[in-house]
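The values are calculated or read from the model by the stated rules, or taken from the named source; none is laboratory data. Everything numeric here is computed off the predicted structure, so don't read it as measured data. Neighbour counts run over all protein chains shown; Cβ positions are idealised from the backbone, glycine included.
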């Protein structure tokens, strides 16, 4: 990249969210997204492989944080405690300044099957990252997979609650509450 | 449909699987699938909305069976037992005569992100169907969601084991074994 372009990803994402909200995902082109952001189509494709990815660029970093969060919990932590460590590690990403964008993004993704499918693919990668981080701590199968699946469920539930309640409650507190509920539920399956 | 076309869906699916295996999903057209099956492109689109759906047409019925299986378990069954009832209800679908096709399908789906994403979307619908069937039995949240997620995990794991071992073991036995392992794992999360 020849020039310094501050916050290029964020600008393209915000332009895309605005256009998807106004005209719908299908009826928005990459050229229009780039133009709205004051950039070129060529620049867009330097950052993103396709139109969908503009809404998912932060998730690779997020998945990395989940893995690190699990790795960083004490050696004697249970699988659920390790997942709790992962949720605590990602909580700072979901500061109040991100709330408006998250609120705009949620209905845009829900309205389009292509976006829902990409979101599910990222969820699968999140489960895999948590499972591998748990395995690296010596958690065997299928406990690592069950903990990772419930970790992804905890994250999805926490995120939805944060989108709703993020003005009053912070992500870390919602995450701890959600995980505690899932822990109780896992013990009530019979 | 003017004419009687026995097993049209199966013929199109088998033709698609053969072509996807030989040439790859991306390089196969709907016209080629129809031709291989001895049918027209027009007929293909009478049955399937797009090229992807030819591999997923059985899943609506499967999801219905999961819901019915849960509804059909005794009123005093625990959530895990109800999920076990669902797996037992779908087991007859996975008879030995289906094994060759399942073995051919698995690597085809895994090789293409579009197909993986569609599979994940169907999994989400399966979770929703089980969650709703559990809710209809009076199972509250988040227990119903946790049971449904673990039910989908049990199904995915059982299916993978059946693809591998289906010559010697039947689906119902593999399902019971898998669910029992997940039940133990859910109790070992700490």
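Assorted remarks:
- Matching entry among A:66, A:80 (being surrounded by 18 or more Cβ atoms within 10 Å (Cβ to Cβ), part of a helix (DSSP H, G or I), within 13 Å of the chain's Cα centre (by Cα) and modelled with pLDDT of 95 or more): A:66
- Of all residues in the stretch A:83-100, those satisfying the criterion of being touching a residue at least 40 places away in the same chain (Cβ under 8 Å) and surrounded by 15 or more Cβ atoms within 10 Å (Cβ to Cβ) are A:83, A:84, A:86, A:87, A:88, A:90, A:91, A:94, A:99.
- Tally of residues being assigned to a loop (DSSP other than H, G, I, E, B) and surrounded by 17 or more Cβ atoms within 10 Å (Cβ to Cβ) across the stretch B:39-63: 4
- Positions within the stretch B:138-166 being over 17 Å from the mean Cα position of the chain (by Cα) and either at pLDDT below 95 or within 12 Å of another protein chain (Cβ to nearest Cβ) (or both), in sequence order: B:139, B:140, B:141, B:142, B:143, B:144, B:145, B:146, B:147
- Of all residues making up the stretch A:167-190, the number that are at pLDDT 95 or above, at the interface with chain B (Cβ under 7 Å from one of its Cβ atoms) and surrounded by fewer than 21 Cβ atoms within 10 Å (Cβ to Cβ): 1
- Evaluated against (1) over 23 Å from residue A:187 (Cβ atoms); (2) away from chain B (no Cβ under 14 Å); (3) at pLDDT 95 or above, residue A:96 falls short on exactly one condition, (3).
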